[in-house]
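First the structure, in the form of structure tokens, and then the observations on it.
The values are calculated or read from the model by the stated rules, or taken from the named source; none is laboratory data. For clarity, every value in this text was computed on a predicted model and none was experimentally measured. So basically every Cβ, Gly included, is an ideal-geometry build from the backbone, and we count neighbours across all protein chains shown. All accessible areas refer to the heavy atoms of the entire protein, side chains included, with ligands and DNA or RNA removed. Shrake-Rupley method; radii C 1.70, N 1.55, O 1.52, S 1.80 Å.
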Amino acid sequence: MTAKPTDTVITVRSPANGQIIDSVPQMDAATVVAVIGELRVAQAGWADLSPRARVTHLLRYRDWLLDNEFQLAEMLQRETGKPWAEANLEIPYIVDAINYYARTAPGLLADRTPPRHGMIAATKRQLLIQRPYPVVGVITPWNFPLGLSLLDAVPALLAGAAVVVKPSEFTPLTVAAAVAGWKQVGAPRVLECVIGAGETGSAVVANVDYIQFTGSTSTGKAIAHAAAERLIPCGLELGGKDAMIVLDDADVARAANAAVWGAMANSGQMCTSVERVYVEAGVYEEFIGRVVERLKALRVGEDDQQFRYDVGPLATDAQLAIVCEHVDDALARGAEALVGGVRVEGSGFFQPTLLVDVDHTMLCMQRETFGPMLPVMKVQDEDEAVRLANDSDYGLSATVFSGNRARAERIARRLEAGAVNINDVFGNLFTLSLPQGGWKQSGMGHRNGADAVLKYSRPQAIVSARVLPQREVTWYPYTAIRGAIVHRVGRLLGARDLLRRFS
Ligand code: NAD
């Protein structure tokens, strides 16, 4: 039912019905090297353009995405099996990101003259410029193939880098089509897509100057090792086990809605899915009752373009197996499934599932499940909720529901996560001016935020003389001896105090 990379070909199948959608050639390392070589040549001219000129190309590309939105969403739905509503989310998200980065990039990339510090610097002209990494590799997973690929490619392009994207071998088609669109708008050839599985990805890591990876923690660690060997920087956006805390002063109806949406969106296959919930005892029964009602109303199935279903299939056989393992483990250790708890027989779908009577020895509370499953624990107070929420290897994001924002913010400051949403889920995915990145095993670095474009460039300091530049002598022995003599004389004359005060 899922993509099967062979030596030369990747067969892409629909996760919803197993039918073959397409077969595409898998690129070997030599092809990746050649693609990156061509990108390197094209990048020089791209970096020479002003940031505003690069923005013009990106805005033209944005318009191409909008013009081709329907075809792209259709392809995305076929290769991911997402419900139509969810397949339509990725392009608006990217369009919004292009608008944001297009507006902010020129200012961020402008040359600067930082304030001078110290007596020697006082004689210097200090110029700080940003120069792009020549080729950035963007490696992405199957859960949001297009959104995640372009979300990282766009700021890198604006920074002046060339970009090679390697989408997941399970969902390569939409990304390949979107990258083809870059060529159609007449932009310089600085965006390419290479198709293949892990070996193709390794070849990317071995040949680019910066690697931006989104995927599992285990692959992320392998990439971090490979990047360290080459001393190239890497950004890692990895797995999560996001906690939601519902306090006794929360709007319980809203919290229950959010828990169901947070756990079931994209069939639970979001890095920021709500993967576990801690509810204060006073509102536990009401919360559970509302979640049961909501979950039972969800429609599970293979969607067309009529918005008929809410929850799609798991994207791969391996993912389905993980969900089955976590639910079975919980049930075997005494948990109860109040809703669901089983796969839809003979298909790649799993019933939306609510687990209660769970504890932290169970896989469903410790490991990333990445499926339509919601385990809920009753807690006595907020301290217990915070302790359990932090009892995780992961730290991507978290959610707190409370009627008192000051109380919720106090809890947020105690949570070990890169982002905390209060009285909402996924809100931080849309606040592009804030950083988005995981703590602990959830990642290294971040995307978005004020420095999102800058991270794909290197600062270069250019220093020249301000005062009488033509008279300065830089012949080494003379300069060093002169410096030592000036220092000695200065000390004799009591210049130490001046140094302490003014340097
Ligand atoms: P994965 O790690 O299996 O694969 C991700 C990508 O890495 C794929 O393109 C794959 O071909 C490539 N790859 C595999 N081995 C490689 C290697 N040795 N060198 C280079 N590339 C290699 O992850 P997945 O199963 O596709 O995605 C699911 C994971 O992604 C989940 O853990 C999820 O939490 C995570 N994710 C994180 C974020 C985030 O922003 N933090 C967003 C979405 C998904």
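Using only the C-alpha atoms, the convex hull of the chain corresponds to 182 Å³ per residue. Between Asp28 and Val292, the distance separating the two model label sites (each 7 Å from Cα on the Cα→Cβ line) works out to 6.0 nm.
Count neighbours as other Cβ atoms within 10 Å of each site's Cβ, and list the GluC sites (Glu not before Pro) in the range 331-430 that are DSSP loop with at most 10 such neighbours.
Numbers: sites: Glu336, Glu345, Glu368, Glu382, Glu384, Glu409, Glu416; in loops: Glu345, Glu368, Glu416.
Passing sites in the range 331-430 are Glu345.
Per-residue ellipticity at 222 nm, computed for the chain from helices alone with -39500 (n - 2.57) per DSSP H run of at least four residues, works out to -13500 deg cm²/dmol. Counting heavy atoms of the protein chains alone, Asp28 has an accessible area of about 80 Å² for a 1.4 Å probe.
For the range 279-323, the alpha-carbon coordinates run over 41, 29, 11 Å along the three principal axes, in decreasing order. Our coupling estimate for the range 212-224, obtained by passing each phi through the Karplus curve with A = 6.51, B = -1.76, C = 1.60 and θ = phi - 60°, is 10, 10, 10, x, 6, 5, 5, 5, x, 5, 4, 5, 4 Hz, Gly and Pro reported as x.
Of the chymotrypsin sites (Phe, Trp or Tyr not before Pro) found in the range 298-374, those that fall in a DSSP loop while having at most 15 other beta-carbon atoms within 10 Å are Phe307. Given a 1.4 Å probe and the protein chains as shown, Val136 ends up with an accessible area of around 0 Å².
Size descriptors for the range 1-138 (Cα atoms only): Rg and Dmax, in that order, 21.9, 72 Å. A cut-off of 5 Å between modelled amide H atoms, ignoring neighbours fewer than 5 places along the same chain, links Arg13 with Ala3, Ile21. With each label modelled as a point 7 angstrom along the Cα→C-beta vector, the Val41-Ala180 pair spans 2.3 nm. Legend: calculated FRET efficiency, Glu336 to Arg413, from the Cβ-Cβ distance at R0 = 41 Å, rounded to 0.05, equals 0.75. Go ahead and run the numbers for FRET between Ser50 and Asp248, Cβ-Cβ distance against an R0 of 60 Å, rounding to 0.05. E between Ser50 and Asp248, to the nearest 0.05, is 0.60.
Can you give the Rg to Rh ratio of the range 238-299, both from alpha-carbon atoms, with Rh computed by the Kirkwood formula? Please report the intermediate quantities before stating the final value.
Numbers: Rg = 11.6 Å, Rh = 11.9 Å.
Checking Rg against Rh, the ratio lands at 0.98.
List the trypsin sites (Lys or Arg not before Pro) within the range 175-240 that fall in a DSSP loop (any state other than H, G, I, E or B) and whose Cβ has at most 10 other Cβ atoms within 10 Å. Listed in order of number, the matching sites amount to none. For the range 92-157, report the % of Cα-Cα distances exceeding 17 Å. The answer is 59 percent, as a whole percent. For the range 52-66, backbone phi angles converted through the Karplus equation (6.51, -1.76, 1.60; θ = phi - 60°) give residue-by-residue couplings of 5, 5, 5, 4, 4, 5, 5, 5, 5, 5, 3, 5, 4, 4, 5 Hz, Gly and Pro being listed as x. Normalised by the number of residues in the chain, the average gap of Cα pairs under 8 Å and 6 or more apart makes the relative contact order 17 percent. If you take the Cα centroid of the range 290-342 and the Cα centroid of the range 30-103, the two points sit 32 Å apart.
The share of Cα pairs per 10 Å bin across the range 313-356, counted from zero up to the longest distance, runs 30, 56, 14 percent. Residues whose amide H falls under 5 Å from that of Asn421, counting only those 5 or more places apart or on a different chain, are Ala398, Thr399, Val400, with hydrogens built in the peptide plane.
Just need the relative contact order of the range 345-435 here, percent rounded to a whole number, with Cα pairs under 8 Å and 6+ apart.
Details: 87 pairs, mean separation 18.9, N = 91.
So the answer I get is 21 percent.
Normalised Debye scattering of the range 268-353 at q = 0.17, 0.18, 0.22 Å⁻¹ gives log10 I(q)/I(0) of -0.84, -0.93, -1.30, counting only Cα atoms as equal scatterers and leaving out solvent.
Could you order His446, His360, His225, His487 so the one with the most accessible surface comes first? Probe is 1.4 Å.
Values: His446 60, His360 30, His225 135, His487 95 Å².
The most accessible residue leads, giving His225, His487, His446, His360.
Applying 1/(1 + (r/R0)^6) with r as the Cβ-Cβ distance of Asp67 and Met119 and R0 = 60 angstrom yields a FRET efficiency of 0.55. Across the range 116-132, rounded Karplus estimates of 3J(HN,Hα) from the backbone phi angles (6.51 cos²θ - 1.76 cosθ + 1.60, θ = phi - 60°) give 7, 10, x, 6, 6, 4, 4, 8, 10, 8, 10, 10, 10, 10, 10, 10, x Hz, Gly and Pro being marked x.
Please list Arg116, Arg413 in order of solvent-accessible area, largest first, computed with a 1.4 Å probe with all protein chains present. Before the final figure, lay out each step's value.
Working: Arg116 110, Arg413 205 Å².
From most accessible down to least: Arg413, Arg116.
Distance between the pseudo-spin-label points of Leu59 and Thr361 (7 Å out from Cα toward the beta carbon): 6.2 nm.
Annotation: amide H-H contacts under 5 Å for Ser457 (H modelled 1.01 Å from N, sequence separation of 5 or more, or interchain): Tyr133. Could you check how much of the accessible area of the range 420-461 is carbon and sulfur, as a whole percent, using a 1.4 Å probe? The nonpolar share, carbon plus sulfur, comes to 63 percent.
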